[in-house]
Amino acid sequence: MFAAAKDISKLLEGVPNGAWVAVSHDETRLVAFAAELQEVLQKSKQAGEDYPVIVRVPETGATTLLL
């Protein structure tokens with residue numbers, strides 16, 4: 001059985017296209033975003049989120065779903 005897809009577009013409002021994003025492990029809040037993957041990992045660790053969900057915002061304005 002597949003898990004339901006989760007629309008996180010509201011969390012990503014204001015995040016630039018193409019940015020890497022760290023979302024909290026419970027998928028309820030935006031932890032950090034940056035142009036480079038290593039930077040977003042560092043920022044999320046500094047924010048106390050050791051196991052974030054990492055996604056990249058599409059270059060286009062498409063909706064981002066977590067599956």
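Here are some notes:
- Output for region 12-35, where each listed residue is under 13 Å from VAL57 (Cβ atoms), more than 8 Å from the chain's Cα centre (by Cα) and part of a loop (DSSP other than H, G, I, E, B): GLU13, GLY14, VAL15, PRO16, ASN17, GLY18, ALA19, ALA35
- Just one of (1) of a type outside the set (Ser, Thr, Tyr); (2) free of Cβ contacts under 8 Å to residues at least 12 places away in the same chain; (3) surrounded by fewer than 14 Cβ atoms within 10 Å (Cβ to Cβ) fails for ASN17. It is (2).
- Of all residues in region 25-47 being of a type outside the set (D, E, K, R) and modelled with pLDDT under 95, the one that is surrounded by the most Cβ atoms within 10 Å (Cβ to Cβ): HIS25
The values are calculated or read from the model by the stated rules, or taken from the named source; none is laboratory data. Quantities reported herein were computed from a predicted structural model and do not represent experimental measurements. Reconstructed Cβ throughout: ideal geometry from the backbone, glycine too, with neighbour counts over all protein chains shown.
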